[in-house]
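Scroll down for the structure; my scribbles are underneath it.
Where a number appears in this text, it was derived from the coordinates with a stated rule and is not lab data. The shown structure was predicted, so the numbers you read here are calculated from the model rather than taken from an experiment. Reconstructed Cβ throughout: ideal geometry from the backbone, glycine too, with neighbour counts over all protein chains shown.
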Amino acid sequence: MVSSNIKVFLRVRPSAKPSKAFQAKQDEGLIAFEMDKHTPALSLDHKPLNFTRISQFQWLRTFQSMLSSRARLRQGSGPPPGVRAAVRSGVGPMFSFGGGGTRTVPRSPGEGGKGSRTALQRELQSLRSEDEETPIPFIPGAVVPRVLAEDLDAVPALPEALSSLSGATGRKGKLYMLLIFFVLLTMLAMVAAKVAENFSSAFHSKPPSAGSVVQARAAWFMGGGEDAGLPPGYCTEHAMSTDYEAWAKGLVAQMTTEEKFRLIDARGYSGWTALEGYFVGSILAVPRLGIPSIKMQDAEAGFRTIDKRMIGTVTSWPCALVLSASWDPQLTWKWAEAMGQEFRAKGANVALGPAVNVHRVPFNGRNAEYISGEDPALGESLVPAYVKGLQEGAGVAAVVKHFTLNQQETLRTTVNSQADARVRWEQYYPPFEAAVNAGVAAVMCSYNYVNGLQACSNHEVITDDLKSRMGFEGWVMSDWWALTGPEAAAAGTDMDMPGNDDNFAKHKLDSLPAGRVEEMVMRTLIGMRRSGAWSEPPSFDCRVGCDCGDSLYSVNATSDEHVALARRIAAAGAVLLKNDPIPKKSDRVLPLKAGQKVAMLGAACDQSQDVDAMMKEWTAANYYVLGGSSRVLSPYTVSVVAGLKGRGLDLRTSAEDSLAAAKNSMVGSDVAVVCGGATAAETKDRTTLSLDQELFIQGVVNAGVELGIPVVVLAFAPGAVTTPWRDAATGVVTMFHSGQQTGHAAADILLGSVNPSGRLPVTFPAQEADATRPCESANCPYTEGLKGGWHMYQGLPVAYPFGFGLSYTEFEYTAGSMKTNSDANGRRGMSVNIRNVGARPGSDIVQLYVGFPVSATTQDEPAYRLRHFKKTKELQPGESEIIEFELSPRDETIWDSSLNMWDMVFGDYTVFVGSSSRDLHLCGSFGNQLGSDQTRWVPLGKCRLENGIAKPTGEEVFNVVAKPVIEDVLQGINGTIFAYGQTGSGKTFTITGGSERYADRGIIPRTIAYLFEEFQNRKDASYRLYISYLEIYNNDGYDLLCREDSAKKLEDLPKVQLREDEDGNIHLRNLSVNMAQKAEDALNLLFLGDTNRVVAETPMNDASTRSHCMFILWIDSTQTGSDT
């Protein structure tokens, strides 16, 4: 925006005494004031005068100058001579007020200056009024000009009361009152501004005002600061105004209707194809207002190569799932920043990424694009790094996609994903919310329907959830041709992509509420400005539709540094799944050793990339790149065989999927590496989780067993895969599609020049049947609720669990030291000591899982959730690192759909720290009780594991299951604790406990101890406890508390008759009731009953109780001082 300023100069006489804040080093000179014509204030011949940044004293001085200048302007002679010529000459005082520039004017002769009087001084002197009889108050020697004197004469005479108040009559009195009026008005405005500032600061922290910054810099400059460094605030000053809303509103107000529609309705397509010189997405510029074009390109594996001329000019990066497998936010930032630099070089300023949908369906053809993997917490940590790497690191706007519930490609434009608010907010929204909090510029709505409405036309998810509850301030764009009609604009979608479907044509949006189109434009402007994409445009910023062809097709944006980073990322995301010792040797099969004879088996080990053939079909894919909008082709793609050549191995290659040829190569080899892969693409889901070479791989590993040759399987996966050959393989490495540096990165892992640190972001199921399949009908209810992602396998065996991965070294987990300080923000801390106990340097991924208290509100929650993770530094052998975690209050909340907000859950929590979701090494617990002292530092100890899953202790089971029931019973409410499960599952152990350790006490012994403790502590009543013990065997009941020594078998015990009365109540006849006066009495009764129980061998357990038992506690209480 261009503003014009008037410079008004004022002569100050030596007798004047300005305030100290504006006292010049010299006694007199010329002061320059800047008046911005865009600031409404006192008018100077239709040029508003800005008095907002000058003091009362300065205002009076300026007013005198204004009067003189006004006379000059009325005479039509323009600004005073010499104003434009005033320059810094090195002599005379220098001043700068408000936003104005600095001028120095030489002093007049006789006052210490050099030279004659300036033209400006002569002009000012000539403008003095011929009427010397009316002096200007408060300014010695100043008189009222003739023109103003005439104006004052035209004003009616002052009332006598005002004349006496001013002490003057006539012109002088009128002038006094005029000045007093302006002084009071100015003081009132200053007071009001100060009150508003104080009120605002109580609610918002704001950066220093422009005025304060200017004043600080003026003081710095006057003090000789130009020789001492940078001006105050220089390094943190934004290149453009950060009041984005005001800036955008001002621009929109100047736009024509046609210009507004440029920013909401894209251009550049003919049918399904982008026109020459256009990007994947193109929004026209508004040059007259200084608004650049918006130029978008897909970004899940780099700058998408939609034209053959682009191939080789950009890096073919690893896909997003490789970054997920790295579990490394810092590396994600570097990846996004480097990609953004290539976008800039190619002329684009918007990257259509990250894609963050949490995996629900392992068959989804686009899972490799989705950086969240199977857990929202993984996405929450990586997505902000992606967004900030693009925006802050490279100045390219990020677009988070696809909002929302877009978990399959089958029926992708018609499937109706059905999930309630709690499932959306807890399982699928968190990565989107993390992007919003990171300042993402835009959100892309998806193709599918959500609860009956197309996602882009769903007001609840776009406007209510995204814009209102998440607080998103940027713009919402459609996926390409996703809109079903103009109703999407009313629902909250702000931009139609790619624009040739006519849904946002002006005549179709005429029915929108007033101001909605302007809001759509403002959101686009705000998103682009806030992202930094327009703050520092490149030296040549092409205008889409005009001159972008050279940038798009010819500029080489890749570099050696980027290729090296792509190789590093691909290696960081490789996951070592198995690494057994070589048969009859102690050494593990990996890493490979120099000089070894290595058989490289299978076409996937040396796959070539036919660029010409792949360009004919946009969804064509291979083991390096995905098909669809994320595909980035490169002529420099390296195969595994090529990556291993020249690395010190004796390679024996059989680049075909022939078992006979493979066996020939294996004979005489030290080790065999067999490669296999699977492909995936947009628009379709995978039909199977198997690798394409499953039978071939199975044959090779079997041959390895026969020949005594260890076999390593190298799998290229677009997501979860099945591994039926895993038990026979000696080693297994998986790499998600890793782009042009796949071969070099694979070689780095296989040879050990990079120690694998990747961890699975998805689960590899034990069998395909365990995985959730895509919905085949229009309605797709998310029946699993909160137990999606890796939780779908809860209770099932898996091949390799979420979060799993091995290293060439080993790590030991021990509890770190506890801290005593508390966190006023309600955060809880825990500390883990990770020690490298192996022989190689390496890094570990430490994962924190949290289990919610068991209650009615949390019964649908998974057993535990990933909350946080951290990657250690590279630890040398024997070196340790302390990893500290914090749980925020948000980590202890669930979504309350009735209130539409996060709700704190109170109760006892469990925490688990481990190296995967099923390899948990340290456990702990803490209480979150309303109104009680909170646990701030959570102690950790070794976990009790069962099949790799944390097994809760007897105390934890009692606290979670039994204690709430007991509390209700003591309040007079009947309660039941019921153990149910298949034979041999541990029901008896849970209820009665084990006999070897005191810590193994079950629910009954702990309940007895707790009851007698409560009886003693409660003074308001006296209590008596009675016990019965019943066994039901073959439909007959028996009293287990029979003390007769003659009872040798169950049938010798007294039979109990079960009777039902007219009201449906059950009565137990002939069942003894025994009083227990102390805990020891009750435990003896339990022991007696257990001795009399029937124990028989079953096919699943050689000592299983094949009966049903009821241990009944009757509590009789009498209020103190009462008979009841």
ask   = If we sort 882-889, 801-808 on the protection proxy, mean other Cβ atoms within 10 Å, highest first, what's the order?
value = 801-808, 882-889
Virtual paramagnetic centre 7 Å along Cα→Cβ of Q876, amide N under 18 Å, in region 721-763 = 755
request  = On a C-alpha basis, how far is the centre of region 497-526 from the centre of region 609-638 in Å? Whole number, if you could?
outcome  = 36 Å
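Only Cα pairs under 8 Å and at least 6 apart count here; give the relative contact order of region 809-951 as a rounded whole percent. Provide the component values of the computation, followed by the final result.
On the way: 316 pairs, mean separation 39.0, N = 143.
Relative CO of region 809-951 lands at 27 percent.
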request  = Determine the distance separating the Cα centre of region 345-414 from the Cα centre of region 277-335; give it in Å without decimals.
outcome  = 12 Å
request  = Express in whole angstrom the spacing between the alpha-carbon centres of region 562-596 and region 450-495.
outcome  = 46 Å
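Which of the residue pairs K987/K1019; K593/K663; K334/K870; K1049/K1078 have a Cα-Cα distance greater than 27 Å in the structure shown? Don't skip to the answer; put the middle values down first.
Working: K987/K1019 36 Å; K593/K663 22 Å; K334/K870 17 Å; K1049/K1078 29 Å.
From the list (K987/K1019; K593/K663; K334/K870; K1049/K1078), the Cα-Cα distance tops 27 Å for K987/K1019; K1049/K1078.
Less than 12 Å Cβ to Cβ from D748, Lys/Arg counted +1 and Asp/Glu -1: what total charge do the surrounding residues give?
On the way: positive: R567, R568, R647; negative: none.
Local charge sum for D748: +3.
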message = Starting from 0.36 nm per residue, how many nanometres of slack lie between R1018 and D610 once their C-alpha separation is accounted for?
response = 138.7 nm
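Contour minus end-to-end for A1009 and K506, with contour as 0.36 nm per residue of separation and end-to-end as the Cα-Cα distance?
Working: separation 503, 0.36 × 503 = 181.08 nm, distance 7.68 nm.
Full-extension gain reported as 173.4 nm.
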ask   = Mean shadow of region 566-800, computed from the convex hull of its alpha carbons, in nm²?
value = 14.0 nm²
query = Could you put W272, W725 in order, starting from the residue whose Cβ has the fewest other Cβ atoms within 10 Å?
reply = W272, W725
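Let me have the relative contact order for region 788-864, percent, based on Cα pairs under 8 Å that are six or more residues apart.
Numbers: 56 pairs, mean separation 22.0, N = 77.
Value for region 788-864: 29 percent.
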ask   = Hey, what did region 566-800 get for relative contact order, percent, Cα under 8 Å, at least 6 apart?
value = 29 percent
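Using a cut-off of 15 Å between beta-carbons, work out the net charge of the residues near T414 (Lys and Arg +1, Asp and Glu -1, T414 not included). Present the calculation step by step, with values, prior to reporting the outcome.
Details: positive: R412, K684; negative: E409, D479, D685, E776.
Taking every Cβ under 15 Å from that of T414, the sum is -2.
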